[in-house]
Amino acid sequence: MLWLAVDPAEEELAIRALLPEVGRWLRHSRPLMVNYPFGQAETAFLDCGFYLHLTLIWMKITFEDERSS
């Protein structure tokens with residue numbers, strides 16, 4: 001497992017630098033799939049030769065604070 005934890009401002013640069021190297025290291029074993037929030041850094045992944053396979057739907061709900069009524 002590889003965990004990408006970088007400054008969001010450097011995220012696409014890190015992906016472009018790291019994933020090709022990981023791909024060369026794993027090339028003979030099996031395909032490389034990445035779980036990443038849909039739409040985030042998508043251009044960097046596409047530039048590295050990845051394509052959309054399965055997309056995760058990230059959902060959010062904001063509850064009102066009952067005390068503020």
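The values are calculated or read from the model by the stated rules, or taken from the named source; none is laboratory data. Just so you know, these numbers come straight off a predicted model, no measurement behind them. Using ideal geometry, Cβ is built from the backbone for each residue, glycine included, and neighbour counts are taken over all protein chains shown. Just the protein is used for accessible areas: all its heavy atoms, side chains included, with ligands, DNA and RNA removed. Shrake-Rupley method; radii C 1.70, N 1.55, O 1.52, S 1.80 Å.
For a quick check of your reading of the model, give me the residue pairs whose first member lies in region 19-33 and is outside any helix (DSSP H, G or I), whose second is not aromatic (Phe, Trp, Tyr), with beta-carbon atoms closer than 9 Å and at least 6 apart or on different chains.
32/19; 32/22; 32/23; 32/26; 33/53; 33/54
What number of residues within region 1-17 satisfy the criterion of being in a helix (DSSP H, G or I) and in contact with a helix residue (DSSP H, G or I) (Cβ under 6 Å, 6 or more places away or on another chain)? Before the answer, list the steps.
The first filter runs over region 1-17 and keeps only residues in a helix (DSSP H, G or I), leaving 8-17.
Now drop any that are not in contact with a helix residue (DSSP H, G or I) (Cβ under 6 Å, 6 or more places away or on another chain), which leaves 12, 15-16.
Here the count works out to 3.
Scan region 17-29 for residues that are of a type outside the set (A, V, I, L, M, F, W, C), modelled with pLDDT of 80 or more and open to solvent by less than 90 Å² (accessible area, probe 1.4 Å) and jot them down.
Scanning region 17-29 gives a single hit, 20.
Of the conditions (1) at pLDDT 90 or above; (2) surrounded by 10 or more Cβ atoms within 10 Å (Cβ to Cβ), residue 7 satisfies every one except a single condition; which number is it?
Tallying (1) at pLDDT 90 or above; (2) surrounded by 10 or more Cβ atoms within 10 Å (Cβ to Cβ), residue 7 fails exactly one: (2).
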